[in-house]
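One structure is given below, encoded as structure tokens.
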Amino acid sequence: MALSGGHSPFAGEPRLIIDPALPREGYELSVADEIEVRGGSAAGVFYGLQTLRQLGRPTPRVSITDAPRFGWRGVLLDVARHFMPVPDVLRFLDLLAFHKLNVLHLHLTDDQGWRVEVPGWPRLTSVGAWRSESMLGSRIHSLHDGTPHGGFYTAEDLRAIVAHAAERHITVVPEIDMPGHMQAAIAAYPALGNGWTGPVRTGWGISPHVLNLAPATLDFCRQVLDHICDIFPSELIGIGGDECPTEEWTDGQSQAAFTALMAEHLAGRGRRIYGWDEILAGGAPPGAVVAAWRGIEPAEVAIRAGHQVVCCPDVKLYLDYRQSEDPGEPTPVGTLLTLEDVYAYNPPESPLVLGAQANLWTEHMESLRRVEYMAFPRLCAFAEVVWGPAERDFADFAARLPEHLARLDALGVNYRPLSGPRPQDARPGAPGNPRALDDRLAELHEMTADLR
Ligand code: ACM
């Protein structure tokens, strides 16, 4: 794991030492006549090398002692709403590693596309991975682009992603969203649904067409999860669980019972479930880790119920939400979420809080360049939220940021300029639907009533 000699600005290779006396992901970096990186583990050494990389030019003498505040420094990438080819995912992983982030939550399936090849279920990808067109902008406008979209990953593709991530000390937590957000699978295999037949969803929003919970469908879910476990070594396996409408369920089917069965199956393989905070309704299975997304309250509910929790409140950490009120922002949706807002976020204090996660839902990001625009520089701020101390000074961050943006320039990252969107960043054909924070908070309070 040495810096490649040809690119190192320093004479000689750094000395790399694993020192178990240090925190596991912590490191000490010393640049003097020699360069030494001492880490609590290989991950700690890796982070020390990232810092060395960021120093970027010969530095006379530096001594840094550093360790992260949280063990879960996550980002969700939604490859269901827009498929991202493998090289794009690998580049995204490189950018996460450069920011010392260590979890990629990979959202692999949704109403608008199924992205994993599964043995024995060929129509999941021959049918479920393709939609006839996509919506342009927010769903309130009902505009469509008339252009087919799709793609999927083979097991070999996913293993390449997992390996690339592992080399960078990133855990890929896969998610198969169930029992809602399943329209693409039901389009492929209508027997999984409740009598509806139709295509992969072309509009955004939540499909009413959800899994039935008959034994054959539960077996399908177990087969998919088994295949996912064969590919992904992560102890946690995402089963989704968000936004499942129940109108199609007429005979007492229960999402809590379904979630318990999936948790039991995964437990048999030594895995635990990672689910959205909806799984708290009716009681989440023991050992479930909760992704608390519906504002700030559900994290507190999860903690009170004794669950480990990853905080990803939409109003603080959804990077698909608009970055400014500038009319040139591409497809402005959600509430206003500035760089300063992200920097100011802190999860609640509790030993059950594993960390936090920034989520990149890609309805309005049709390419990695668009993902980079929405992610950066807010993800730089997020990296300090989860790595740095609870007390942070935005003015200090803002003063350091231009130097970091020069590093992103060198990497060709399409970050949003601090001065605002450039003319070419606009998506005039894909209008948004900006929301006011008070309205959204009231809506979230209503949505989470069943947790209180
Ligand atoms: C979510 O944003 N539906 C988890």
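Readers should treat all values here as calculations from the given coordinates under stated rules, not as data from a laboratory. In this text, all values refer to a predicted model and were calculated from it rather than measured experimentally. Glycine also receives a Cβ, built like all others from the backbone with ideal geometry; neighbour counts cover every protein chain displayed.
Considering only residues of region 337-366 that are of a type in the set (Gly, Ala, Ser) and surrounded by 21 or more Cβ atoms within 10 Å (Cβ to Cβ), which is nearest to the chain's Cα centre (by Cα)? Selected residue: ALA358. Specify the residue that is surrounded by the fewest Cβ atoms within 10 Å (Cβ to Cβ); the eligible residues are those in region 320-336 that are under 18 Å from LEU418 (Cα atoms) and within 12 Å of the ligand (Cβ to nearest atom). Once the filter is applied, the top-ranked residue is ASP320.
Summed over region 200-217, the residues that are aliphatic (A, V, I, L, M) and either without any contact (Cβ under 8 Å) to a residue 12 or more places away in the chain or outside any loop (DSSP other than H, G, I, E, B) (or both) give a count of 2. Taking region 395-425 as the range and being within 21 Å of GLY137 (Cβ to Cβ), more than 24 Å from the chain's Cα centre (by Cα) and either surrounded by 15 or more Cβ atoms within 10 Å (Cβ to Cβ) or not polar (S, T, N, Q) (or both) as the test, the residues that pass are GLY420, ARG422, PRO423. Residues in region 137-152 that are surrounded by fewer than 14 Cβ atoms within 10 Å (Cβ to Cβ), in contact (Cβ under 8 Å) with a residue 40 or more places away in the chain and at positive phi: SER142 alone. Would you call GLY388 surrounded by 13 or more Cβ atoms within 10 Å (Cβ to Cβ), out of contact with any Gly (no Cβ under 8 Å at 6 or more places or on another chain) and small (Gly, Ala, Ser)? Yes; evaluated as a whole, the condition is true for this residue. Applying the criterion of being buried (at least 23 other Cβ atoms within 10 Å of the Cβ) and either closer than 16 Å to GLU235 by Cα or of a type in the set (Val, Ile, Thr) (or both) to the residues of region 290-306, the residue that is nearest to the chain's Cα centre (by Cα) is ALA291. With respect to GLN253, is the statement that it is surrounded by fewer than 18 Cβ atoms within 10 Å (Cβ to Cβ), away from the ligand (no atom under 15 Å from the Cβ) and not acidic (Asp, Glu) true? In short, yes. The C-beta contact set for region 236-262 (first residue without any contact (Cβ under 8 Å) to a residue 60 or more places away in the chain, second residue within 16 Å of the ligand (Cβ to nearest atom) and in a strand (DSSP E or B), distance under 9 angstrom, 6+ apart or interchain) comprises THR259/ILE239; THR259/ILE273; THR259/GLY275. TRP361 meets each of the listed conditions (1) within 16 Å of the ligand (Cβ to nearest atom); (2) closer than 24 Å to GLY56 by Cβ; (3) among the aromatic types (Phe, Trp, Tyr) apart from (2). Whether any residue in region 367-386 is under 20 Å from GLN54 (Cβ atoms) and assigned to a loop (DSSP other than H, G, I, E, B) is what I want to check. There is at least one residue in region 367-386 that is under 20 Å from GLN54 (Cβ atoms) and assigned to a loop (DSSP other than H, G, I, E, B). None of LEU317, LEU266, LEU339, LEU261 is farther than 24 Å from CYS221 by Cα and away from the ligand (no atom under 16 Å from the Cβ) except LEU339.
Condition check for GLU247 on (1) in contact with a Gly (Cβ under 9 Å, 6 or more places away or on another chain); (2) part of a loop (DSSP other than H, G, I, E, B); (3) more than 16 Å from the ligand (Cβ to nearest atom): one failure, at (1).
Here LEU354 clears all of (1) more than 28 Å from PRO87 (Cβ to Cβ); (2) among the hydrophobic types (A, V, I, L, M, F, W, C); (3) not in a strand (DSSP E or B) except the condition numbered (3).
In a residue-by-residue description of region 110-133, the property of being of a type in the set (Val, Ile, Thr), assigned to a helix (DSSP H, G or I) and under 20 Å from the mean Cα position of the chain (by Cα) applies to no position.
Picking from residues in region 218-244 that are in a loop (DSSP other than H, G, I, E, B) and of a type in the set (Gly, Ala, Ser), the one that is surrounded by the most Cβ atoms within 10 Å (Cβ to Cβ) is GLY241. Once region 275-295 is narrowed to residues that are assigned to a loop (DSSP other than H, G, I, E, B) and out of contact with any Phe, Trp or Tyr (no Cβ under 9 Å at 6 or more places or on another chain), the residue that is farthest from the ligand (Cβ to nearest atom) is PRO286.
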